[in-house]
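> I'd like to ask some things about the structure below.
The values are calculated or read from the model by the stated rules, or taken from the named source; none is laboratory data. This is a predicted model, so every value here is computed, not measured. All Cβ positions, even for glycine, are placed from backbone atoms using ideal geometry, and neighbour counts span all protein chains on display. Just so you know, the surface numbers come from the protein's heavy atoms only, side chains and all, with ligands and any DNA or RNA stripped out. Shrake-Rupley method; radii C 1.70, N 1.55, O 1.52, S 1.80 Å.
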Amino acid sequence: MTSVAIVTGASSGIGAATARRLAAEGFHVLAAARRTDRLAALVAEIEAAGGAATAVACDVTSDESVAGLAAAAEAVTGPVTLLVNNAGGARGLDPVETADVGDWQWMYDVNVLGTLRVTKALLPALERSGAGTIVIVSSTAGRVVYEGGGGYTAAKHAQTAVAGTLRLELCGRPVRVIEIDPGMVKTEEFGLVRFGGDADRAEAVYAGVAEPLVADDVADCVAWCATRPHHVNIDQLVVRPLAQAAQHKVHRTS
């Protein structure tokens, strides 16, 4: 039977690229996000390429909405073997002393509690499959802090802690936990969301960087990790563009 993969935050960026790639790998993909118009277009694209996908409206900050995602997974034929917790994002680049508490609450709810809600809801199905995999897309911001990034790095550090804790708690059960930490990835929306729609500020992050990562690069990492033999667990995969040696060290052309 065709295995089912669930991808949150699938309406754009890394999530959409991951949905396409997993469908190409033979999964029936449940593409979950809030924007159903974008999901419909994504599913149509996947099906036109010969893949299988289903759009599921889901807001990871809502218990009721996540319960609906779990119900949709139960309704699809085939074992649920893969969950990609990709929904997340950043808001603002303010120092701690002037931080917007609302932005911090949103980042924590989407990145951390969203991962918690979805994982709790889908874990029974993943375990029943006998070969479940949970992928948590965190960030290098979950490893290193930087000025102005207090809220985002705090949320991503917490998400990394969730991944590590879950791996310990599931030891001996047929579910592996994989954390993928991308560095500088240029997508169409991440910077726009962070800077409240300011396209110039969003673009300035990548100024002079010849080849930042793109969404397909991260999707490739997700697919590679998820398709290893099930006894192989890629605990943590850090992926950066060649130009980014570290969070604070990026080569930029003049």
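> Taking the Cα centre of the chain as the origin and placing charges on Cβ (Lys, Arg +1; Asp, Glu -1), which of Val96, Gly78, Gly151 is farthest toward the positive end of the dipole?
Gly78
> Another one. Which value in deg cm²/dmol, rounded to the nearest 500, describes the helix-derived mean residue ellipticity at 222 nm for the chain, given -39,500 (n - 2.57) per DSSP H run of n ≥ 4 and division by the residue count?
Numbers: 9 runs with 103 residues, N = 254.
Result for the chain: -12500 deg cm²/dmol, rounded to the nearest 500.
> Under 14 Å from the Cβ of Thr8, count the other residues' Cβ atoms, weight Lys and Arg +1, Asp and Glu -1, and hand me the total. Could you put the intermediate results ahead of the total?
Numbers: positive: Arg34, Arg35, Arg38, Arg117, Lys120; negative: Asp59, Asp109.
For residues surrounding Thr8, the net value is +3.
> Indicate the gyration tensor shape class of the range 16-55 (rounded, prolate or oblate), computed on the Cα atoms with a ≥ b ≥ c the square roots of the eigenvalues: a/c under 1.5 is rounded; otherwise a/b larger than b/c is prolate and the rest oblate.
On the way: a/c = 2.04, a/b = 1.55, b/c = 1.32.
Here the range 16-55 falls in the prolate category.
> From the square roots a ≥ b ≥ c of the eigenvalues of the alpha-carbon gyration tensor of the range 1-85, which class results: rounded (a/c under 1.5), prolate (a/b over b/c), or oblate?
Cα axes put the range 1-85 in the oblate bin.
> While we're on this one: What's the ranking of 145-153, 174-182, 11-19 by average number of surrounding C-beta atoms within 10 Å, highest first? List each step's numbers first, then the result.
Numbers: 145-153: 18.2, 174-182: 22.6, 11-19: 26.1.
Per-residue Cβ counts within 10 Å, averaged per peptide and sorted highest first, yield 11-19, 174-182, 145-153.
> Taking only protein heavy atoms into account and a 1.4 Å probe, give the accessible area per residue of the range 31-105 in Å². It would help to have the intermediate numbers written out before the result.
Details: 3750 Å² over 75 residues.
On a per-residue basis, the range 31-105 sits at 50 Å².
> Which angle from 0 to 90°, rounded to the nearest 10, does the C-alpha axis of helix 36-48 make with the longest principal axis of the chain?
Taking the Cα atoms of the chain, the angle to 36-48 is about 60 degrees.
> Specify whether the C-alpha gyration tensor of the range 96-154 places it in the rounded, prolate or oblate class, a ≥ b ≥ c being the square roots of the eigenvalues: rounded for a/c under 1.5, otherwise prolate if a/b is larger than b/c and oblate if not.
Values: a/c = 6.63, a/b = 2.25, b/c = 2.94.
Judged from the Cα gyration tensor, the range 96-154 comes out oblate (a/c at least 1.5, b/c at or above a/b).
> Another question, if that's okay. Hey, what angle do you get for helix 150-169 against the long axis of the chain, alpha-carbon based, 0 to 90 degrees rounded to 10?
The angle comes out at about 30 degrees.
> In addition: Against the longest alpha carbon principal axis of the chain, how many degrees, from 0 to 90 and to the nearest 10, is the axis of helix 215-226 turned?
40
> Using a Förster radius of 25 Å, what is the FRET efficiency between Ala24 and Asp100 based on their Cβ-Cβ separation? Nearest 0.05, please.
Values: r = 40 Å, r/R0 = 1.60.
Working from the Cβ atoms, E equals 0.05.
> List residues of the range 60-100, by number, whose backbone nitrogen lies under 19 Å from a label position 7 Å along Cα→C-beta of Leu237.
81-88
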